[in-house]
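S.K.: Sharing a structure here in structure tokens format.
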């Protein structure tokens, strides 16, 4: 089957490994991720002020053009997923704002597109039991810490992705690949996001807290679905090491990298796009 | 701090309410937002205190705080607020009051080529969105 796919800006460059492994992994599972034509940046932030509709135009345009081609849109990056899904929710439920936005775009749209994350497609279309049957390189023996971050989960009434306080979809994915999921306290606590730029120390402290907790619980590696979480948790480890004198580094992967590996599609990982060497054994 | 009734009648409270879409007086200071905030260690004023200061119309204290620039809208607070207040929207409203006066809190120059070449595009886009 084919599913329309929105990669987002970061996946075309800095997170090319996320893009490539997602497309390859899904293809192996019988799902072709067909890239949406002429997509725009989602603007990477859902505007929280009530009057800034300009900030929603790019996301709206993506949703409108996707709906012309399909009923569902698959998204891989947690940030894009959050922005597109929240904007879609607004277009569906707020009559006045929908009218203002669609009038400006000179389009008609009712919010009927279904915005899906790749993990949801793995769960609902492929099924984790089926996925487990297709695994060629079992990850048995590995202890994996799932890092959800914020954007997949919150606000839960709009995202409706998983339990916002105790999600389990990453754990189910990890088990399907044969590995053990590490239960730790900070799996859905923010990494500091874009504060990386104006307040780098905040992100370094966040990464230290999250990773130390995962390492204490015995994790060998961390998985995530957000390129900014990946960077914040990976790149900062050098700085944590400098600050603390020593730090037992831990590689941070996109979940699709492990998917492609477990399905036998890749033998090693894109070293250029990892700071802590991406070694799993 | 001196509480003054005239501060309750300034445009500030009205503006925050309008931009955030939140009922500011729903907050009864349980502190759940501050307890769950992952960035709270770096803040100078706790999130629940920001809500309280706005209720009293203490515009200067709020606008001068570091806290409003440190909230990354992870929505942990909103998720746990028993009164359904979205504190992240209040933070964004206050930031917008400042930014709409033409002030920019973020300059792209000086980040360094090496850093710029490494960071994900979305970090830059969101920083521009929140700080300019």
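What follows is calculated from the coordinates using simple rules that are stated; it is not laboratory data. Given the structure is predicted, the values throughout are model-derived calculations rather than measurements. Every residue, glycine as well, gets a Cβ built from its backbone with ideal geometry; the counts of neighbours run over all protein chains shown.
S.K.: Taking each pair of distinct Cα atoms in region B:1-66 once, what is the resulting Kirkwood hydrodynamic radius in Å?
M.R.: On the way: mean 1/r = 0.0797 Å⁻¹.
It works out to 12.6 Å.
S.K.: Something else about it: Sorted by average packing, counted as other Cβ atoms within 10 angstrom per residue and highest first, what order do A:145-158, A:76-89 take? Each step should come with its number before you reach the end.
M.R.: Numbers: A:145-158: 23.0, A:76-89: 26.9.
By packing density, highest mean first, the sequence is A:76-89, A:145-158.
S.K.: If one takes the longest principal axis of the Cα atoms in chain B, at what angle in degrees, from 0 to 90 and to the nearest 10, does the Cα axis of helix B:121-131 lie?
M.R.: Approximately 40 degrees, to the nearest 10.
S.K.: Return the Cα extents of region A:1-101 along principal axes one, two and three, sorted largest first, each rounded to a whole Å.
M.R.: Result for region A:1-101: principal-axis Cα extents of 43, 27, 19 Å.
S.K.: Right, next: Mind listing the Cα extents of region A:97-196 along all three principal axes, in Å, largest one first?
M.R.: Computed over the Cα atoms, the extents are 55, 34, 23 Å.
S.K.: Given 37 °C and 0.692 mPa s, compute D for region B:34-104 with the Stokes-Einstein relation, Rh being the Kirkwood radius over Cα pairs; round to the nearest whole µm²/s. Walk me through the numbers before you get to the answer.
M.R.: On the way: Rh = 12.3 Å.
Diffusion coefficient, whole number: 267 µm²/s.
S.K.: For region A:1-146, give the share of DSSP beta bridges that are antiparallel, in percent and rounded to the nearest 5; count only bridges with both residues there. Spell out each step's value before the answer.
M.R.: Details: 0 of 11 bridges.
The antiparallel fraction comes to roughly 0 percent.
S.K.: Once you order the gyration tensor axes a ≥ b ≥ c over the Cα atoms, which shape class does region B:71-129 get: rounded for a/c under 1.5, otherwise prolate or oblate by comparing a/b with b/c? Before the final figure, lay out each step's value.
M.R.: Numbers: a/c = 4.50, a/b = 1.69, b/c = 2.67.
Here region B:71-129 falls in the oblate category.
S.K.: Sort A:257, B:104 so the one with the fewest other Cβ atoms within 10 Å of its own Cβ comes first. Each step should come with its number before you reach the end.
M.R.: Numbers: A:257 27, B:104 10.
Exposure proxy ranking, most exposed first: B:104, A:257.
S.K.: For region A:158-281, with equal point scatterers placed on the C-alpha atoms only and solvent neglected, what are the log10 I(q)/I(0) values from the Debye formula at q = 0.17 1/Å, to two decimals?
M.R.: Scattering profile of region A:158-281, log10 relative to I(0): -0.92.
S.K.: Next question. Describe numerically, in nm with one decimal, the distance between label points set 7 Å from Cα along Cα→Cβ at residue A:163 and at residue A:249.
M.R.: Going from the residue A:163 label point to the residue A:249 one covers 3.6 nm.
S.K.: Computed FRET efficiency, Cβ-Cβ of residue B:40 and residue A:71, R0 35 Å: what is it to the nearest 0.05? Please list the in-between numbers first.
M.R.: Numbers: r = 42 Å, r/R0 = 1.20.
My answer for the efficiency is 0.25.
S.K.: Cα centroids of region B:40-115 and region A:21-85: how far apart, whole angstrom?
M.R.: After rounding, the separation between the Cα centres reads 27 Å.
S.K.: When a/c is below 1.5 the answer is rounded, else prolate if a/b is larger than b/c, else oblate, so apply that to chain B with a ≥ b ≥ c taken from the square roots of the Cα gyration tensor eigenvalues. Provide the component values of the computation, followed by the final result.
M.R.: On the way: a/c = 2.22, a/b = 1.58, b/c = 1.41.
The shape class here is prolate.
S.K.: Then there is this: Using a 10 Å cut-off on Cβ to Cβ distances, tally the other chain neighbours for every residue of A:185-194 and report the average as a whole number.
M.R.: Details: counts 0, 1, 0, 4, 6, 9, 3, 6, 9, 15.
That works out to 5 on average.
S.K.: In addition: For the protein assembly as shown, what are the per-bin percents of Cα-Cα distances with bins 20 Å wide, up to the bin holding the maximum?
M.R.: 27, 57, 15, 1
S.K.: Just need the Rg to Rh number for region A:19-174, please, alpha carbons only, Kirkwood Rh.
M.R.: Values: Rg = 16.9 Å, Rh = 16.9 Å.
Using only Cα positions, Rg/Rh for region A:19-174 is 1.00.
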